[in-house]
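Engineer: Below is a structure I'd like to ask you about.
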Amino acid sequence: MTIQFNDETFRDDYTFRNSDWAVKRFPFPFHEDSYMYSVNMEQHRGGPEGSVYEKRFDVDEHYVSEMKDRAIVLADDPLRCQSLPHMTLAGWDLLELIMVSKSEDYPDLFELHRDGNTWRWINKPLGIDDTFTFLDETTLPFGPMEYITRQSQGDFAVLDQRDDMLWMDAGMVTTQADWSLDFDIGMNFFEWHAPVPKAHEMGIFKRALKFLLNIQQGAPARRLNWTMTVNPLLDTSPENYHKWGIQKTGLTAENIGQKQFLRVELQTFYRLPRSNALAFPIRCYLIAFEDIVSVPKWGRRLHRVIRDLPEELATYKGFIDNRPKMLDYLSQYDDGLPTSPGVWPDLDTEPALSK
Amino acid sequence: MSKFQFPESIMSRPVYGTLEPRLGHAHLFVADAEGAEAILDLAKKDPGLMSSAHIIFIPRATGETYVEQLKALRPAQFYSGPSYEAALPRLRRVFSDASMGLQVYLSGTEGLMGQAQSEAMQAGIAPAAIQTEHRGSVARRMQCVHCKGITEDVMTDPFVCSHCGLNLFVRDHYSRRLAAYQGVCIDAEDPGNVPDPVELYS
Amino acid sequence: MSASPTKAKAGAEKISVVVSAKVPVNDLVTRFEFKRQDGGPFPTFSGGAHTVVEMNDAGRTRLNPYSLMSDPEDTETYAISVRRDDEGRGGSLFMHNFVNVGDQMNITYPVNLFNLDLRARKHLFLAGGIGITPFVAMSKQLDRIGGNWELHYGVRSAALGSYAEELSTKNPNKVHVYEDDKGEAIALEALLNGQPLGTHVYVCGPKGMIDWVRQTAKQAGWPDDNVHFEEFAAPQPGEPFEVRLCKSDRTITVGEHESLLEALEREGVDAPYLCRGGACGQCETDVIRHDGAFVHRDHWLEDEVKASGKKIMPCVSRFVGASLEIDR
């Protein structure tokens, strides 16, 4: 299908909206009526047609507007994109991965023409047509990682692998769930996850690290993570928390359906060929509560998950103060009926709300 | 003098040890204030090491207390300077022609050790070749995550950023590259509601 | 998460190839070159990567890892060099005696357990014998990205010095060859002394050489992080032993000349692996109970874990005793 790109904002007047198509394909993260940390990795080799899992790098109706928002963030704070000197080769690996994937998966939107090291890249939605020399930084307007991630939805962490450890040594981070690349760059896997409660004691990070170290070329993996955001604000950065934090206090019973968003990260992992680094794209999807509850199964389930979530997790995810308001709203959409297993909306088989 | 036991914390927070003599053809010491005691203790374990040692010492409030004792160890090179910033060009010069096998020993305050470690890592020294031992003040070097300014010698939580003036709470999340802990606005969701500062570790 | 979760398969992804060249390098070493059967490009790779070559030896499947030694940017041809081991388990003999140009084989995607530390100010390569192969690819990669490298290569004799002449001719100031039969040896202490900060040393060769380099570097005050080594343990033969597989609910016998991993595969039991040399950790298996002694040959498990008797690496390690039960 040809994608109709929305003209929308993720700040100020917040005109971001999901179409019916985007709601139905939303990567709902809860496969059962409760949630606890798990490594929950699976192979990233496509998925049902039209789902966000189908392509290697999902492009959707928000693409053009998200890229505009990224440019605004970078103009305001260039430290959101950084690459330590030894990561340039990994940046080229990432550029190749994204250009090859997008031109193969979306031939109507992206084209890549390669003649030896002379490459021509055409990005139709953004109106880009550049010719450059692969592995020669002087032929691009930005470093290779910055160049390609200014044209790709989601954040990107590029992890160096050394001494049986992963190191956060490069990244493009403008749609983050409240963590700072500028602060975390150079940290190892355990260090940048240090602030996450409980998971260390549960051994989650040790298991996850072992899995990630063994991700091989040709065999990418994926998982989901989630949190909550008030307003469709992509850039929930610590840097600007003193500006956006106040928005969390603006929820009322009347506006919560429109203003409270479930924020889901589709995290994928690719072994990069030349550098042996690990690309870690973190794609953010936002959905308003009122859109979630339009899917009866999701409305029932989200209520139960939020209600039963341990306090530490609700605190870490930053919505402990708003949880009562969320539950007041969501409980209207939970009639106590059982839910079908798995994440899919099951609109044809799940009963409508009966209250 | 007894050493301060930092409470157990998250995995990004540095853990300091006790300086031990190591094999190597050259030994670089960087210390401030009471950090001198860690050098004196190490020299007792292996006095021979001093003949290939270079000591860079910033006495801060300890004045002349340790200077003569350190000199008496007869290190190959000794420097005493008024501040870390003043010592930095010398430190960089030392790294510029150092070779593999150099052992680095850092002692004193977290701020001093962190900055010297960051400098050593930029020079290509693996963290495993750098030893640290905390002595003296427990003050922290804090980065304001909002304006990026560094506030030195923070003793309370919360504190006021010396650059942008925001009220920041003190996290244990630590960046080796910046040699600083992270400070985050404490009243973003309730402007003006700033708790009274409490002394760290009290 | 998705409707059709795909379970990870054992080993890396496979590529179907055809042998495009078989080149004798000297009396012991033969180079094999591969092209893809589908005519497509190979993935590029990072210097130090290996591929696992699948051999069909009269109905028995052999899976041996070999370092890739072609130019990592060459997507048309992959090359490996195989040293004939007359005493070994037969994989190298099979390659030498039975694999010929035009044969179709499967190899895996590149897997790197011996990668360059790209932060290094200088890369110091120490090779012994056939251990030269990863450095051939690494040096080509570094030449392309402007990396600073130096190779010190110990060979038995000039005649058995695989690629020594080619490397020396191309890089006269970077390559130093030491011929054993002339009494030449790497002056390691002197070599390590005075290397600039940020130098990383890489060693690939016989176990004795690796131990010597690691030990000497430690004595010279080098941190472990700056010393890299690749040591593939080949599975060793041993007394046959029985093992109970709890998940599969059956008992199998591991033969004298096969590894526990190979026995699992022979019996159709799904068992993960990557390197098959005790290095990557992928095949780590829980021991449920045992009465006897383990023969641990891997470089993966910590000594205390080995002593605990709770884990085994089926790719290289064996068991001697009355009974063994594992979680497979």
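The values are calculated or read from the model by the stated rules, or taken from the named source; none is laboratory data. For clarity, every value in this text was computed on a predicted model and none was experimentally measured. Note: ideal-geometry Cβ built from the backbone for every residue, glycine included; neighbour counts use all protein chains shown.
Engineer: Using the structure shown, decide if C:Gly277 is at pLDDT below 95, touching a strand residue (DSSP E or B) at 6+ places or on another chain (Cβ under 7 Å) and surrounded by 17 or more Cβ atoms within 10 Å (Cβ to Cβ).
Structural biologist: Here the answer is yes, as C:Gly277 does meet what is asked.
Engineer: Could you pull out the residue among C:Val136, C:Val155 that is within 30 Å of C:Pro237 (Cβ to Cβ), touching a helix residue (DSSP H, G or I) at 6+ places or on another chain (Cβ under 8 Å) and β-branched (Val, Ile, Thr)?
Structural biologist: The match here is C:Val155.
Engineer: Which ones in the stretch C:31-54 are of a type outside the set (Gly, Ala, Ser) and surrounded by fewer than 20 Cβ atoms within 10 Å (Cβ to Cβ)?
Structural biologist: C:Arg31, C:Glu33, C:Lys35, C:Arg36, C:Gln37, C:Asp38, C:Pro41, C:Pro43, C:Thr44, C:Glu54
Engineer: Does at least one position in the stretch A:134-150 carry a residue that is part of a loop (DSSP other than H, G, I, E, B), hydrophobic (A, V, I, L, M, F, W, C), closer than 22 Å to C:Phe45 by Cα and without any contact (Cβ under 8 Å) to a residue 60 or more places away in the chain?
Structural biologist: Checked the stretch A:134-150: at least one residue is part of a loop (DSSP other than H, G, I, E, B), hydrophobic (A, V, I, L, M, F, W, C), closer than 22 Å to C:Phe45 by Cα and without any contact (Cβ under 8 Å) to a residue 60 or more places away in the chain.
Engineer: Is it true that some residue in the stretch C:38-51 is free of Cβ contacts under 8 Å to residues at least 60 places away in the same chain, assigned to a strand (DSSP E or B), farther than 30 Å from A:Leu159 by Cα and more than 14 Å from chain A (Cβ to nearest Cβ)?
Structural biologist: no
Engineer: To continue, here is another question. Being more than 13 Å from A:Ile3 (Cβ to Cβ), more than 14 Å from every other protein chain (Cβ to nearest Cβ), in contact (Cβ under 8 Å) with a residue 24 or more places away in the chain and not basic (Lys, Arg) is the filter here, so list the residues in the stretch A:62-79 that pass it.
Structural biologist: Within the stretch A:62-79, A:Met67, A:Asp69, A:Ala71, A:Ile72, A:Val73, A:Leu74 qualify.
Engineer: What residue, of A:Gly342, A:Gly336, is modelled with pLDDT under 95 and either part of a loop (DSSP other than H, G, I, E, B) or surrounded by fewer than 21 Cβ atoms within 10 Å (Cβ to Cβ) (or both)?
Structural biologist: Unique residue meeting the criteria: A:Gly342.
Engineer: Still on this structure, please answer the following. Within the group A:Gly143, A:Gly127, A:Gly116, which residue is more than 14 Å from chain C (Cβ to nearest Cβ) and on the phi > 0 side of the Ramachandran plot?
Structural biologist: Result of the check over A:Gly143, A:Gly127, A:Gly116: A:Gly127.
Engineer: Here's a follow-up. Scan the stretch C:109-127 residue by residue and report those that are at the interface with chain A (Cβ under 10 Å from one of its Cβ atoms) and not in a loop (DSSP other than H, G, I, E, B).
Structural biologist: Result: C:Val111, C:Asn112.
Engineer: If the requirement is being in contact (Cβ under 8 Å) with a residue 24 or more places away in the chain and within 16 Å of the chain's Cα centre (by Cα), which of these qualifies: A:Leu234, A:Leu212?
Structural biologist: When all the criteria are applied, what remains is A:Leu234.
Engineer: Could I ask something else about it? Test each condition in (1) over 25 Å from A:Phe28 (Cα atoms); (2) buried (at least 20 other Cβ atoms within 10 Å of the Cβ) for A:Leu233 and report the one that comes out false.
Structural biologist: A:Leu233 satisfies all of (1) over 25 Å from A:Phe28 (Cα atoms); (2) buried (at least 20 other Cβ atoms within 10 Å of the Cβ) except (1).
Engineer: Can I ask one more? Which numbered condition in (1) over 26 Å from the mean Cα position of the chain (by Cα); (2) away from chain C (no Cβ under 14 Å) is the only one that A:Phe319 fails?
Structural biologist: The one condition A:Phe319 does not meet is (1).
Engineer: Within the stretch B:158-195, track down each residue that is of a type in the set (A, V, I, L, M), within 9 Å of another protein chain (Cβ to nearest Cβ) and closer than 11 Å to B:His146 by Cα.
Structural biologist: Within the stretch B:158-195, B:Leu166, B:Val184 meet the criteria.
Engineer: Identify, please: which residue in the stretch A:259-289 is under 19 Å from the mean Cα position of the chain (by Cα) and of a type in the set (D, E, K, R) and is, among those, surrounded by the most Cβ atoms within 10 Å (Cβ to Cβ)?
Structural biologist: Looking at the filtered set, the residue picked out is A:Arg271.
Engineer: Which of the residues spanning the stretch A:31-69 are among the hydroxyl-bearing types (Ser, Thr, Tyr) and over 30 Å from A:His200 (Cα atoms)?
Structural biologist: Across the stretch A:31-69, the qualifying residues are A:Ser51, A:Tyr63, A:Ser65.
Engineer: Here are some residues: A:Val52, A:Val100. Which one is surrounded by fewer than 19 Cβ atoms within 10 Å (Cβ to Cβ), within 13 Å of another protein chain (Cβ to nearest Cβ), closer than 19 Å to A:Phe280 by Cβ and modelled with pLDDT of 95 or more?
Structural biologist: The conditions single out A:Val100.
Yes or no, residue by residue, for (1) crowded, with 20+ Cβ neighbours inside 10 Å; (2) within 27 Å of A:Asp7 (Cα to Cα); (3) within 14 Å of chain C (Cβ to nearest Cβ):
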site	(1), (2), (3)
A:Ala90	yes, no, yes
A:Glu96	yes, no, yes
A:Glu137	no, no, yes
A:Ile148	yes, yes, no
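Engineer: Mind telling me which of the residues A:Asp58, A:Asp12 ends up being on the phi > 0 side of the Ramachandran plot, assigned to a loop (DSSP other than H, G, I, E, B) and modelled with pLDDT of 95 or more?
Structural biologist: Among A:Asp58, A:Asp12, only A:Asp12 is on the phi > 0 side of the Ramachandran plot, assigned to a loop (DSSP other than H, G, I, E, B) and modelled with pLDDT of 95 or more.
Engineer: Same structure again: Have a look at C:Glu33, C:Glu87, C:Glu73 and point out the one that is away from chain A (no Cβ under 14 Å), among the acidic types (Asp, Glu) and in a loop (DSSP other than H, G, I, E, B).
Structural biologist: C:Glu87
Engineer: Continuing with the same structure: Residue under question is B:Val170, and the condition is that it be within 30 Å of A:Asn322 (Cβ to Cβ) and surrounded by 17 or more Cβ atoms within 10 Å (Cβ to Cβ); does it hold?
Structural biologist: Considered against the rule, which asks whether it is within 30 Å of A:Asn322 (Cβ to Cβ) and surrounded by 17 or more Cβ atoms within 10 Å (Cβ to Cβ), B:Val170 comes out as yes.
Engineer: Ok, one more. Among (1) within 14 Å of another protein chain (Cβ to nearest Cβ); (2) more than 30 Å from A:Leu313 (Cα to Cα); (3) β-branched (Val, Ile, Thr), there is one condition A:Val59 misses while meeting the rest; what is its number?
Structural biologist: Among (1) within 14 Å of another protein chain (Cβ to nearest Cβ); (2) more than 30 Å from A:Leu313 (Cα to Cα); (3) β-branched (Val, Ile, Thr), A:Val59 violates only (1).
Engineer: Kindly evaluate A:Ile292 against the criterion of being within 21 Å of the chain's Cα centre (by Cα) and of a type outside the set (S, T, N, Q).
Structural biologist: Considered against the rule, which asks whether it is within 21 Å of the chain's Cα centre (by Cα) and of a type outside the set (S, T, N, Q), A:Ile292 comes out as yes.
Engineer: Here are some residues: A:Arg283, A:Arg307, A:Arg301. Which one is part of a strand (DSSP E or B) and either free of Cβ contacts under 8 Å to residues at least 40 places away in the same chain or among the basic types (Lys, Arg) (or both)?
Structural biologist: Exactly one of A:Arg283, A:Arg307, A:Arg301 is part of a strand (DSSP E or B) and either free of Cβ contacts under 8 Å to residues at least 40 places away in the same chain or among the basic types (Lys, Arg) (or both), namely A:Arg283.
Engineer: Can you find, within the stretch B:85-113, the residue that is surrounded by the most Cβ atoms within 10 Å (Cβ to Cβ) among those that are more than 14 Å from chain C (Cβ to nearest Cβ) and closer than 22 Å to B:Thr18 by Cα?
Structural biologist: Applying the filter and picking the extreme gives B:Ser107.
Residues are listed down the side, and each one gets a yes or a no for (1) among the β-branched types (Val, Ile, Thr); (2) in contact with a helix residue (DSSP H, G or I) (Cβ under 7 Å, 6 or more places away or on another chain); (3) closer than 18 Å to C:Arg60 by Cα:
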position: C:Gln219; (1), (2), (3): no, no, no
position: C:Pro223; (1), (2), (3): no, yes, no
position: C:Glu230; (1), (2), (3): no, yes, no
position: C:Arg244; (1), (2), (3): no, no, no
position: C:Glu256; (1), (2), (3): no, no, yes
